[in-house]
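Bear in mind these aren't lab numbers, they're just calculated from the coordinates by the rules spelled out. Since the model is a prediction, treat every value here as computed from it, not as a measurement. All Cβ positions, even for glycine, are placed from backbone atoms using ideal geometry, and neighbour counts span all protein chains on display.
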């Protein structure tokens with residue numbers, strides 16, 4: 001199954017401000033719309049989650065096999081390890097109005113620390129190209145059996161290095 005068949009597509013684009021960004025197309029759902037005709041703020045977080053999974057793959061042991069991703073960040077985590085959201089930061093620049101076509105989302109890595117990494121996003125209106133939302137998600141890897149945070153492995157840091165770019169919230 002391809003990303004197109006799942007309702008999402010991905011590609012890599014260069015960024016003017018350093019690093020490579022993954023460009024994804026994430027569908028907006030009719031039910032995501034609020035009474036004002038734009039995508040509800042809570043649903044924006046769902047769209048960010050979808051973009052993150054389309055970019056880096058689902059966590060190991062979840063769901064059934066599907067599309068392989070170029071950067072399988074979560075696929076080979078040690079048994080008992082969870083990728084947990086530590087923090088979200090979202091800034092709404094202009095309303096993202098519902099359309100029956102996918103929103104364009106750029107995804108990159110704005111920070112890698114000892115035991116966490118920050119995924120940065122920009123959501124664009126699929127017709128006008130207006131930047132509607134900027135956001136970041138801090139993720140930490142938690143080893144549930146021992147109750148401890150895990151360090152970001154050197155091979156994960158190397159995998160993410162081409163996607164390093166600036167923070168949305170310097």
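With Rh defined as the Kirkwood radius, the inverse of the mean 1/r over Cα pairs, the Rg/Rh of the range 9-163 is 0.97. Distance between the 7 Å Cα→Cβ label points at residue 111 and residue 130: 3.0 nm. A straight chain from residue 45 to residue 155 at 0.36 nm per residue would run longer than the Cα-Cα distance by 36.8 nm.
Relative contact order, whole percent, for the range 9-163 stands at 24, derived from Cα pairs under 8 Å and 6 or more residues apart. First measure r as the distance between the Cβ atoms of residue 146 and residue 84, then evaluate 1/(1 + (r/R0)^6) with R0 = 25 Å and state the FRET efficiency to the nearest 0.05. It comes to 0.95. A simple spin-label model places pseudo-atoms 7 Å from Cα toward Cβ; at residue 169 and residue 101 they are separated by 3.2 nm.
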